[in-house]
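> Dropping the structure in here first, questions after.
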Amino acid sequence: MDESALTSGDFTESAEPFRLFATWLEDASNSEPNDPSAVALATVDTDGLPDVRMVLLKGFDEQGFVFYTNFQSAKGQEILATMKAAMCFHWKSLRRQVRVRGRVEVVSDAEADAYFASRPRGSRIGAWASKQSRSLESRFALEKAVAEYTARYAIGEIPRPPYWSGFRIVPQTIEFWHDRPFRLHDRIVFRSTADGGWEKDRLYP
Ligand SMILES: Cc1cc2nc3c(=O)[nH]c(=O)nc-3n(C[C@H](O)[C@H](O)[C@H](O)COP(=O)(O)O)c2cc1C
């Protein structure tokens, strides 16, 4: 990828993280072959054992980074027990990484309803049919559940399942990393301050 086509200029000069994140995500949207908003989501279980899996970032602003899931899934249970999580974006085409750590909030019902309503009908049915992360005896059992919910919601709106919503990571830290020659990479971390601002620090690679 021709780096001169990127929007972000010298990212180490950025004074705050959200505009910088927006430019990097925009760059990724132009360069990644698929799912530029895919992000590894890390949680810990009640034994303190870490867990990680991909999700899709569905929104971000000064309040935090939002994704949606089944709250009865492993990740849902792990987050509800700790209300903490971390995320790691890696855009191979850009040789860039962004790490986010912080406490977690549940998005408002209105926000979750609006996003759920925007999803394709099949995905809304799927949210009802999938007991995410629990044992499934066969593919047929899943297809049967899909058929049952398709019949149940044949007419009218499909409501959002009560166990399906969004989490928002409210960042304590956001770190931007960009590949440089000889592993002498640039790393800039923003740490949130008590007055709601950000302090910036450069880290050894
Ligand atoms: C690119 C990608 C995006 C995904 N996005 C989501 C998502 O937004 N929400 C979700 O619940 N699962 C998503 N998944 C599936 C999860 O990675 C995971 O398999 C599932 O949520 C169960 O995880 P858990 O058992 O740790 O809760 C995605 C998987 C991939 C590979």
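Laboratory data are not the source of any read-out in this text; all were calculated from the coordinates shown. This one's a predicted model, so the numbers in the text were calculated from it and none came from an experiment. Ideal geometry is used to build each Cβ from the backbone, glycine not excepted, and the neighbour counts take in all protein chains shown.
> For a quick check of your reading of the filter: which GluC sites (Glu not before Pro) in segment 90-178 sit in a DSSP loop and have no more than 11 other Cβ atoms within 10 Å?
In loop regions of segment 90-178 (DSSP not H, G, I, E or B), the sparsely surrounded GluC sites (Glu not before Pro) are Glu137, Glu157.
> Assigning unit charges at the beta carbon (Lys, Arg +1; Asp, Glu -1) and nothing else, what dipole magnitude in debye, to the nearest 20, does the chain show about its Cα centre? Write down the numbers at each step before the final one.
Details: 27 positive and 29 negative charges, 133 e Å.
Using Cβ point charges on Lys, Arg, Asp and Glu, the chain gives about 640 debye.
> Compute the projected area of the convex hull of the Cα atoms of segment 138-205, averaged over all viewing directions, and report it in nm² to one decimal place.
Details: hull surface 41.5 nm².
Taking a quarter of the hull surface, the average projection is 10.4 nm².
> Can you flag which of Lys84/Lys131; Lys58/Lys131; Lys58/Lys144 are past 25 Å Cα-Cα?
From the list (Lys84/Lys131; Lys58/Lys131; Lys58/Lys144), the Cα-Cα distance tops 25 Å for Lys58/Lys144.
> Could you give each residue of segment 100-113 its phi-based ³J(HN,Hα) in whole Hz, using Karplus coefficients 6.51, -1.76, 1.60 with θ = phi - 60°, and x for Gly or Pro?
With the stated coefficients, segment 100-113 comes to 10, 10, x, 7, 10, 10, 8, 5, 5, 4, 4, 5, 5, 4 Hz.
> Enumerate the calculated ³J(HN,Hα) couplings along segment 47-63 in order (Karplus 6.51 cos²θ - 1.76 cosθ + 1.60, θ = phi - 60°), each rounded to whole Hz, writing x wherever the residue is Gly or Pro.
After applying 6.51 cos²θ - 1.76 cosθ + 1.60, I find 8, x, 7, x, 9, 8, 7, 7, 9, 9, 5, 10, x, 7, 7, 4, 6 Hz.
> Run the Debye formula on the Cα coordinates of the chain, all scatterers equal and no solvent, and tell me log10 I(q)/I(0) at q = 0.09, 0.11, 0.15 1/Å.
For the chain, the Cα-only Debye profile gives -0.42, -0.61, -1.01.
> Ok, one more. Can you check what the Kirkwood hydrodynamic radius comes to for segment 77-199, Cα pairs only, in Å to one decimal?
Working: mean 1/r = 0.0558 Å⁻¹.
Final number for the Kirkwood radius of segment 77-199 is 17.9 Å.
> Kindly rank 27-33, 116-122 from highest to lowest mean number of other beta carbons found within 10 Å of each residue. Display every interim value, and only then the final one.
On the way: 27-33: 15.3, 116-122: 12.3.
Taking the mean over residues of other Cβ atoms within 10 Å, the ranking is 27-33, 116-122.
> Quick one: which residues, 5+ away or cross-chain, put their amide H under 5 Å from the amide H of Arg103? H built at 1.01 Å from N.
So Arg103 has HN proximity to Val170, Gln172.
> Take Ala141 and Gln77, extend 7 Å from each Cα along the Cα→Cβ direction, and tell me the distance between the two endpoints in nm.
Simple spin-label model gives 1.6 nm for this pair.
> Quick one: 3J(HN,Hα) in Hz for segment 153-162, Karplus 6.51/-1.76/1.60 with θ = phi - 60°, rounded, Gly and Pro as x.
10, 4, 10, x, 5, 9, x, 6, x, x
> Continuing with this model, one more query. Mind checking which of Val55, Thr12, Tyr163 is farthest towards the positive end of the chain's charge dipole, using Cβ charges of +1 (Lys, Arg) and -1 (Asp, Glu) about the Cα centre?
The Cα lying farthest towards the positive end belongs to Tyr163.
> With Cβ to Cβ distances under 14 Å as the rule, what net charge do the other residues near Thr173 carry (K, R +1; D, E -1)? Write down the numbers at each step before the final one.
Numbers: positive: Lys84, Arg99, Arg101, Arg103, Arg187, Arg191, Lys200, Arg202; negative: Glu16, Glu175, Glu199, Asp201.
Around Thr173, the surrounding residues sum to +4.
> If you don't mind, there's one more thing I want to ask. For the pair Arg183 and Val52, how long in nm is the line joining their label points, each one 7 Å along Cα→Cβ?
1.8 nm
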